[in-house]
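The values are calculated or read from the model by the stated rules, or taken from the named source; none is laboratory data. All figures in this text were calculated on a predicted structure; none of them were measured in a lab. Neighbour counts run over all protein chains shown; Cβ positions are idealised from the backbone, glycine included. Side chains are part of the model used for accessible areas, which takes the heavy atoms of the whole protein and leaves out ligands, DNA and RNA. Shrake-Rupley method; radii C 1.70, N 1.55, O 1.52, S 1.80 Å.
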Amino acid sequence: MYTPRKLVAAILRRCPWRHCHRKQSTATTKLSVSQALAASVEGEEAKNIKIQGWVRSVRSQKDVLFLHVNDGTSLESLQIVAEPRLKNSAISFGSSVEICGTLVKSLSKKQNVELKAEAIHVIGECDSKDFPFKIKEYHPPEYIRQFPHLRCRTNAFGSLLRIRSEATAAIHHFFKSNGYVHIHTPIITSNDCEGAGELFQVQASNREDTQEDDGGFFGVPAFLTVSGQLHLEIMAGGFKKVFTFGPTFRAENSQSRRHLAEFYMVEAEVSFTERLEDIMQIMENLFKDTTTALLSKCPEDMNLFFKYVSPGQQGRLERILKSNFIVMSYTEAIEILKKAETSFQHKTEWGCDLQTEHEKYLVRHCGEVPVFVINYPYSLKPFYARDNEDGPQHTVAAVDMLVPGIGELFGGSLREERLHILHSRLNTLGLADTYQWYLDLRRFGSVAHGGFGMGFERYLQCILGVDNIKDVIPFPRFPYSCLL
C-alpha cells in the first residue's frame, strides 16, 4: 500500500516526461574555460560541451573559423574551431558568446585541447571600432585606468584580479590555520585610531541643518575608519588571537603612486605576548606564506607580471622568501642614513620620521631584503604604543617592516597595557575623557598584547612589481577621482 508521498514518487519514476526531461537537462555539460583547458580527452572526445565567455580574437579562413574565448577563470583562452557556416557578422572582439560542441585534442602545440563548435550563439554584440581596447595592441596602464568599467577585460588586469582573489583567500587561510578569530570591525566609527586627523566625516544626506551642537545622525561626530585596530583590541580582551581584513579610508590630499583614499588593510592583535619579536615573526610568516601560496596557485598570472610588467621580479621574490629578514633599531637606521652618500630631500636627524626615500635606501643598503625597524622615538608613534621607559632617547616598542620598491608595508607595536602609564599619556594629549572605554580595557583583566597592520594593495605592488598603487585595486579612489 502506497502512502501519498510514495505514490507520487512511484509515478514520477515511471513518468515518460520525467525521463525525457532528465535527458534534456543532462544533454550538455557546462564547463568554465579553465575546466575545459584542464580536461583530459586522451582516447575519447567530450561531446555536448557548453562554453560561455567573451571573444578575445577572431580569425577567419576559407575552410575554418578560429575563435579564442575567455571567461575570466584563467589567463589562457580556449580555442574554438568552427566551420565557415557558423560565421556570424556579430562575432567580434569583445562580444559575449555561448558555444556548444565537442572538446577534442588539439593539433596545435600551443594548447592541449580545443572545442570543435557545433553551434555559436552571440549573446551580446560588441562594436570593435568603439570598444576602447583593440586586439593585439598594447594599452599602457594610464590609458586602461580611464575605463574602470571595462579594464577587467584586459589580460593584465584580469590576472591582477585573480591574484588579488587568491591572496585574499591565502591570508584568511593563514589566520584560520593559526587559530585566529575573524572580526568584522566597523566601517563607521567615532575614533581616529592614527591620530593624524585625515578623516572622512559621515553625514546623512537627507538630514536638515539644525543647531551647531547637534551631533548629527549618530549623535556624535562619525567618520570612515582609518584602522580597525582599536576595535580589535577590544576583542583581544576575550580572544587570544583576532584579525580583520577590510576597507579603510584616509582623506590624504595626495595623488602619488603610493596613496589611495580607500584601500584594504589586514590587521591582527595577539594577547599574552610581551615580545616585539613575536609580532615580527607573525608579520614575516604572513608575508612568506601568502606569497608562497600565490606562486603555487596562480603561476600563469604571476608569470605575466614577471615577464611583461617587472622583469626579474620572480628572482627577487624567491630570494626574499629564502632570506631571513633584517632587524635594526631606529637609532641604527638613522646612523646608516647619516653616513649615506645619497642626498635626501628630508632630514635624517634622530627624532624625525622616516620618509619613503629613507625606507627604500635602508632596504637597498641591506641587500634588497625586507627590514624590520624597531624602537621608534616616543613622540613619533600613537598613544597606544608601549613605552620602553628607556633613556636618554625615549622610545616605544613599535616596528615597521620595510620591503623593496615600496618602503613601509607593515606597521605594528606592543600596546601599552599598564593603566597608569596609558592614563598619563592620554591626559597629556587631552584624550583621557574620549578614551575612557580604552582605559577600561586596562582596568578589567588587562594583558600584555600587540598587533600590526598590512596594506593589502602595497603588498600586491611589492610582490608583482607594480609601480602605481592605482593599478592593483579594482576601483581606485583618490583626490578628484571617484569614477563609478
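Quick notes on this structure:
- Between the stretch 404-420 and the stretch 313-374, the C-alpha centres lie 16 angstrom from each other.
- In the stretch 266-361, lysine pairs with alpha-carbon atoms under 30 angstrom apart (chain gap of 8 or more, or interchain): 17
- 20 Å Cα-Cα reach of Lys47 towards lysines, excluding residues that sit fewer than 8 places from it in its own chain: Lys23, Lys30, Lys105, Lys116
- Each part gets one Cα centre, and for the stretch 249-281 versus the stretch 68-140 those centres are 43 Å apart.
- 3J(HN,Hα) couplings calculated from phi for the stretch 345-353 with the Karplus curve 6.51 cos²θ - 1.76 cosθ + 1.60 (θ = phi - 60°) are, in sequence order, 6, 10, 5, 10, 9, 4, x, 8, 6 Hz; Gly and Pro show x.
- Computed from the C-beta positions of Gln436 and His139, the FRET efficiency with R₀ = 56 Å rounds to 0.55.
- FRET E, pair Asp278, His394, Förster distance 22 Å, beta-carbon r, rounded to 0.05: 0.45
- With Cα atoms, 0 to 90° folded angle of helix 16-25 axis to the chain main axis: 60 degrees
- Prolate/oblate/rounded call for the stretch 367-484, Cα gyration tensor, a/c under 1.5 rounded: prolate
- Rg/Rg_ref, the chain, where Rg_ref = 2.2 N^0.38 Å and atoms are Cα: 1.23
- Both numbers refer to the Cα atoms of the stretch 341-413; Rg and Dmax are 12.7, 36 Å.
- Percent carbon-and-sulfur accessible area, the chain, ignoring ligands, DNA and RNA, probe 1.4 Å: 51 percent
- Charge tally in the Cβ shell below 11 Å around Lys297, where Lys, Arg are +1 and Asp, Glu are -1, Lys297 excluded: -2
- Remark: the Asn178-His346 segment gains 56.4 nm on full extension, using 0.36 nm per residue and subtracting the alpha carbon distance.
- Annotation: per residue accessible area for the chain equals 54 Å², rounded to a whole number [probe 1.4 Å, protein chains only].
- Treating r as the C-beta distance of Glu368 and Ser40 and R0 as 35 Å, the FRET efficiency rounds to 0.25.
- Sparse packing (at most 11 other Cβ atoms within 10 Å of the Cβ) combined with a DSSP loop state is found for the following chymotrypsin sites (Phe, Trp or Tyr not before Pro) in the stretch 424-469: Phe444.
- When you filter the GluC sites (Glu not before Pro) in the stretch 36-112 for DSSP loop state and at most 13 other Cβ atoms inside 10 Å of their Cβ, you are left with Glu42, Glu44, Glu45.
- Asn427 versus Ile123: modelled label distance in nm, points set 7 Å from Cα along the beta carbon direction: 6.7 nm
- By accessible area with a 1.4 Å probe, ligands and nucleic acids excluded, highest first: order of Val371, Val327: Val327, Val371
- Global geometry of the stretch 229-327, whether rounded, prolate or oblate, following the gyration tensor of its Cα atoms and the 1.5 cut on a/c: oblate
- Sequence ranges 223-229, 363-369, 107-113, ranked by mean other-Cβ count within 10 angstrom, highest first: 223-229, 363-369, 107-113
- Relative counts (whole %) of C-alpha pair distances in the stretch 54-194, using bins that are 10 Å wide: 10, 30, 26, 17, 11, 5, 1
- In Å², nearest 10: area of His182 left accessible to a 1.4 Å probe: 70 Å²
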